[in-house]
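The values are calculated or read from the model by the stated rules, or taken from the named source; none is laboratory data. All figures in this text were calculated on a predicted structure; none of them were measured in a lab. Virtual Cβ from ideal backbone geometry, glycine too; neighbours counted across all protein chains shown. Only protein heavy atoms, including side chains, enter the accessible area calculation; ligands, DNA and RNA are left aside. Shrake-Rupley method; radii C 1.70, N 1.55, O 1.52, S 1.80 Å.
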Amino acid sequence: SSYIDAAGSGQITIRYSLKLAPSSVSFLTSSPTSSKNLRLEVRTSADAVIDPKDITFSGSASSQTEFVVTQISKLSARAETVYVFNVRQLSAKPISGELIAAISGTKSKTIDLDQTVPTAQISIQPATLRADVKVYDVKLSESVQSLTRSNFAIIGTSADCEIGYLIGANTNFQMSLTKCTDGTFGLKLLANSIRDSAGNLGPVTEISSELN
(Lines give C-alpha, C1' and ligand atoms only; values in the text may rest on other atoms or scores of the structure.)
Protein backbone atom coordinates (compact mmCIF):
# COMPACT_ATOMS: atom_id res chain seq x y z
CA SER A 1 0.00 0.00 0.00
CA SER A 2 1.04 3.64 -0.36
CA TYR A 3 -0.18 7.01 0.81
CA ILE A 4 -0.08 10.62 -0.26
CA ASP A 5 0.06 13.39 2.31
CA ALA A 6 -1.90 16.37 0.92
CA ALA A 7 0.39 19.16 2.16
CA GLY A 8 -1.31 21.87 4.21
CA SER A 9 -4.73 20.22 4.19
CA GLY A 10 -4.19 17.80 7.03
CA GLN A 11 -5.60 14.98 4.88
CA ILE A 12 -3.97 11.67 3.95
CA THR A 13 -5.05 9.65 0.91
CA ILE A 14 -4.35 5.92 1.20
CA ARG A 15 -4.18 3.68 -1.85
CA TYR A 16 -4.09 -0.06 -1.42
CA SER A 17 -4.65 -3.36 -3.16
CA LEU A 18 -6.29 -6.27 -1.41
CA LYS A 19 -4.13 -9.40 -1.26
CA LEU A 20 -6.80 -11.93 -0.42
CA ALA A 21 -6.46 -15.65 -1.00
CA PRO A 22 -8.20 -16.55 -4.28
CA SER A 23 -11.16 -18.92 -4.26
CA SER A 24 -9.46 -21.24 -6.78
CA VAL A 25 -6.23 -21.75 -8.70
CA SER A 26 -6.35 -24.26 -11.55
CA PHE A 27 -4.39 -25.24 -14.63
CA LEU A 28 -6.47 -25.09 -17.81
CA THR A 29 -3.89 -27.19 -19.67
CA SER A 30 -4.72 -30.90 -19.68
CA SER A 31 -2.52 -33.27 -17.71
CA PRO A 32 -0.19 -34.91 -18.63
CA THR A 33 1.28 -32.45 -21.10
CA SER A 34 4.50 -31.93 -23.04
CA SER A 35 3.80 -28.21 -23.55
CA LYS A 36 6.28 -25.56 -22.38
CA ASN A 37 3.45 -23.01 -22.14
CA LEU A 38 0.68 -23.65 -19.61
CA ARG A 39 -2.58 -21.82 -18.94
CA LEU A 40 -3.45 -21.00 -15.34
CA GLU A 41 -6.81 -19.66 -14.16
CA VAL A 42 -7.22 -17.76 -10.89
CA ARG A 43 -10.65 -16.87 -9.46
CA THR A 44 -10.84 -14.30 -6.70
CA SER A 45 -13.16 -11.73 -5.17
CA ALA A 46 -14.10 -8.81 -7.39
CA ASP A 47 -11.99 -6.22 -5.56
CA ALA A 48 -8.86 -8.36 -5.07
CA VAL A 49 -5.81 -7.86 -7.28
CA ILE A 50 -3.56 -10.72 -8.43
CA ASP A 51 -0.07 -9.95 -9.70
CA PRO A 52 2.00 -12.57 -11.60
CA LYS A 53 4.64 -12.23 -8.88
CA ASP A 54 2.11 -13.53 -6.36
CA ILE A 55 2.18 -16.99 -8.00
CA THR A 56 4.63 -19.55 -6.62
CA PHE A 57 5.42 -23.06 -7.84
CA SER A 58 6.32 -26.33 -6.16
CA GLY A 59 6.70 -29.96 -7.19
CA SER A 60 9.55 -31.86 -8.82
CA ALA A 61 9.25 -29.93 -12.11
CA SER A 62 9.81 -26.60 -10.34
CA SER A 63 13.36 -27.63 -9.37
CA GLN A 64 14.30 -28.30 -13.01
CA THR A 65 13.48 -24.89 -14.48
CA GLU A 66 12.15 -21.43 -13.71
CA PHE A 67 8.75 -20.33 -14.96
CA VAL A 68 7.77 -16.88 -16.24
CA VAL A 69 4.17 -15.81 -15.60
CA THR A 70 2.36 -13.22 -17.70
CA GLN A 71 -1.26 -12.13 -17.58
CA ILE A 72 -3.38 -12.96 -20.62
CA SER A 73 -6.80 -11.77 -19.58
CA LYS A 74 -8.86 -10.38 -16.70
CA LEU A 75 -12.63 -10.60 -16.55
CA SER A 76 -14.37 -8.79 -13.71
CA ALA A 77 -17.95 -9.39 -12.64
CA ARG A 78 -19.92 -8.10 -9.69
CA ALA A 79 -18.82 -10.79 -7.27
CA GLU A 80 -15.74 -12.32 -8.88
CA THR A 81 -12.68 -11.58 -11.00
CA VAL A 82 -11.20 -14.28 -13.24
CA TYR A 83 -7.57 -14.03 -14.31
CA VAL A 84 -5.88 -16.19 -16.94
CA PHE A 85 -2.09 -16.37 -16.93
CA ASN A 86 0.46 -17.91 -19.27
CA VAL A 87 3.11 -19.96 -17.48
CA ARG A 88 6.18 -20.31 -19.70
CA GLN A 89 9.00 -22.75 -19.06
CA LEU A 90 12.41 -21.09 -19.35
CA SER A 91 14.55 -24.19 -19.80
CA ALA A 92 14.95 -25.42 -23.38
CA LYS A 93 15.86 -28.88 -22.06
CA PRO A 94 13.10 -31.48 -21.65
CA ILE A 95 11.77 -31.79 -18.12
CA SER A 96 9.47 -34.27 -16.44
CA GLY A 97 7.71 -34.05 -13.11
CA GLU A 98 4.84 -32.58 -11.13
CA LEU A 99 3.97 -28.89 -10.91
CA ILE A 100 1.69 -27.10 -8.44
CA ALA A 101 0.81 -23.40 -8.52
CA ALA A 102 -0.16 -21.51 -5.37
CA ILE A 103 -1.26 -18.03 -4.29
CA SER A 104 -1.61 -17.09 -0.61
CA GLY A 105 -2.11 -20.70 0.43
CA THR A 106 -4.60 -21.61 -2.30
CA LYS A 107 -3.09 -24.39 -4.41
CA SER A 108 -3.89 -25.86 -7.80
CA LYS A 109 -4.20 -29.55 -8.49
CA THR A 110 -1.01 -31.20 -9.71
CA ILE A 111 -0.24 -31.06 -13.41
CA ASP A 112 2.17 -33.65 -14.82
CA LEU A 113 4.81 -32.37 -17.23
CA ASP A 114 6.31 -35.03 -19.49
CA GLN A 115 8.67 -33.90 -22.23
CA THR A 116 10.65 -37.16 -22.50
CA VAL A 117 10.23 -38.95 -25.83
CA PRO A 118 9.46 -42.69 -25.82
CA THR A 119 12.24 -45.07 -26.81
CA ALA A 120 12.70 -48.85 -26.94
CA GLN A 121 15.03 -51.84 -26.86
CA ILE A 122 14.67 -54.69 -29.38
CA SER A 123 16.35 -58.08 -28.95
CA ILE A 124 15.80 -61.56 -30.33
CA GLN A 125 14.93 -64.45 -28.05
CA PRO A 126 18.06 -66.64 -28.45
CA ALA A 127 16.10 -69.90 -28.53
CA THR A 128 14.27 -68.77 -31.69
CA LEU A 129 17.36 -67.66 -33.65
CA ARG A 130 17.40 -70.81 -35.83
CA ALA A 131 13.66 -71.47 -35.70
CA ASP A 132 11.21 -70.87 -38.54
CA VAL A 133 9.47 -68.26 -36.40
CA LYS A 134 11.91 -65.82 -34.83
CA VAL A 135 10.61 -63.90 -31.82
CA TYR A 136 11.82 -60.47 -30.71
CA ASP A 137 11.27 -58.79 -27.35
CA VAL A 138 10.32 -55.12 -27.67
CA LYS A 139 10.64 -53.19 -24.42
CA LEU A 140 9.34 -49.61 -24.43
CA SER A 141 10.58 -46.93 -22.04
CA GLU A 142 6.95 -45.97 -21.29
CA SER A 143 3.43 -46.76 -22.39
CA VAL A 144 2.41 -45.34 -25.77
CA GLN A 145 -0.92 -44.54 -27.38
CA SER A 146 -0.57 -47.24 -30.03
CA LEU A 147 1.99 -49.77 -31.24
CA THR A 148 1.33 -51.64 -34.49
CA ARG A 149 3.30 -53.65 -37.02
CA SER A 150 3.47 -50.57 -39.26
CA ASN A 151 5.79 -48.94 -36.70
CA PHE A 152 8.47 -51.49 -37.60
CA ALA A 153 10.56 -52.46 -40.61
CA ILE A 154 12.77 -55.44 -41.43
CA ILE A 155 16.51 -54.94 -41.75
CA GLY A 156 19.22 -57.19 -43.19
CA THR A 157 19.98 -59.00 -46.43
CA SER A 158 17.42 -61.81 -46.15
CA ALA A 159 14.95 -60.84 -48.87
CA ASP A 160 12.03 -63.09 -47.91
CA CYS A 161 11.50 -62.15 -44.25
CA GLU A 162 8.01 -61.11 -43.24
CA ILE A 163 6.71 -59.53 -40.05
CA GLY A 164 4.37 -61.90 -38.25
CA TYR A 165 2.46 -61.24 -35.06
CA LEU A 166 2.73 -58.41 -32.56
CA ILE A 167 1.42 -59.14 -29.07
CA GLY A 168 1.79 -57.52 -25.67
CA ALA A 169 0.64 -54.59 -23.57
CA ASN A 170 1.88 -51.60 -21.58
CA THR A 171 5.65 -51.57 -22.19
CA ASN A 172 6.37 -55.22 -23.04
CA PHE A 173 5.70 -56.67 -26.50
CA GLN A 174 6.77 -59.56 -28.70
CA MET A 175 7.06 -59.48 -32.48
CA SER A 176 7.87 -62.32 -34.84
CA LEU A 177 9.70 -62.70 -38.14
CA THR A 178 8.92 -65.55 -40.50
CA LYS A 179 10.12 -66.95 -43.85
CA CYS A 180 13.66 -65.64 -43.41
CA THR A 181 16.01 -67.39 -45.88
CA ASP A 182 19.78 -67.07 -46.28
CA GLY A 183 21.26 -63.77 -45.18
CA THR A 184 21.03 -61.48 -42.18
CA PHE A 185 17.84 -60.29 -40.56
CA GLY A 186 16.56 -58.05 -37.80
CA LEU A 187 13.92 -55.50 -36.81
CA LYS A 188 13.89 -51.74 -36.40
CA LEU A 189 11.43 -49.34 -34.81
CA LEU A 190 10.93 -46.36 -37.11
CA ALA A 191 11.84 -42.86 -35.95
CA ASN A 192 8.97 -40.69 -34.67
CA SER A 193 6.49 -43.53 -35.08
CA ILE A 194 5.10 -43.81 -31.54
CA ARG A 195 3.50 -41.23 -29.24
CA ASP A 196 3.14 -41.27 -25.46
CA SER A 197 0.18 -40.05 -23.41
CA ALA A 198 1.63 -36.52 -23.16
CA GLY A 199 1.99 -36.26 -26.95
CA ASN A 200 5.77 -36.77 -27.20
CA LEU A 201 6.75 -38.37 -30.52
CA GLY A 202 9.65 -40.83 -30.60
CA PRO A 203 12.10 -42.34 -30.88
CA VAL A 204 14.24 -39.47 -32.14
CA THR A 205 16.13 -41.88 -34.43
CA GLU A 206 15.27 -45.40 -35.52
CA ILE A 207 16.11 -48.19 -33.09
CA SER A 208 17.36 -51.50 -34.48
CA SER A 209 18.01 -54.95 -33.14
CA GLU A 210 21.30 -56.70 -33.84
CA LEU A 211 21.61 -58.33 -37.23
CA ASN A 212 21.64 -62.15 -37.07
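The relative contact order of region 60-212, computed from alpha carbon pairs under 8 Å that lie at least 6 residues apart in sequence, is 19 percent.
Looking at ALA153, ALA131, SER91, which one has the Cα that reaches farthest to the positive end of the dipole of the chain (charges on Cβ: Lys, Arg +1; Asp, Glu -1)? Result: SER91.
Which of the GluC sites (Glu not before Pro) found in region 31-90 are in a DSSP loop and have at most 14 neighbouring Cβ atoms, other than their own, within 10 Å?
GLU66
Which entries in LYS36/LYS109; LYS36/LYS107; LYS36/LYS139; LYS109/LYS139 show an alpha-carbon gap greater than 24 Å? In this structure, LYS36/LYS139; LYS109/LYS139 exceed 24 Å between Cα atoms. Putting +1 on Lys and Arg Cβ atoms and -1 on Asp and Glu Cβ atoms, find which of LEU166, THR178, GLN115 reaches farthest to the positive end of the dipole of region 83-212. About the Cα centre, the residue reaching furthest to the positive side is GLN115. When peptides 107-114, 180-187 are ranked by their average number of other Cβ atoms within 10 Å per residue, the highest-first order is 107-114, 180-187. For LYS179, the aspartates and glutamates whose Cα falls under 19 Å of its own Cα, not counting residues fewer than eight places away in the same chain, are ASP132, ASP137, ASP160, GLU162, GLU210. Taking all protein chains into account, the per residue accessible area for the chain stands at 57 Å² (1.4 Å probe). Listed by chain and number, the aspartates and glutamates whose C-alpha is less than 18 Å from the C-alpha of LYS74, apart from same-chain residues fewer than 8 away, are GLU41, ASP47, ASP51, ASP54.
Loop-located GluC sites (Glu not before Pro) across region 130-212 with a Cβ neighbour count of 15 or fewer within 10 Å are GLU206, GLU210, with loop assigned by DSSP. Summing Lys and Arg as +1 and Asp and Glu as -1 over all other residues whose Cβ lies under 12 Å from the Cβ of ILE155 gives a net charge of -1.
When only the Cβ of Lys, Arg, Asp and Glu is charged (+1, +1, -1, -1), the dipole of the chain relative to its Cα centre reaches about 480 debye.
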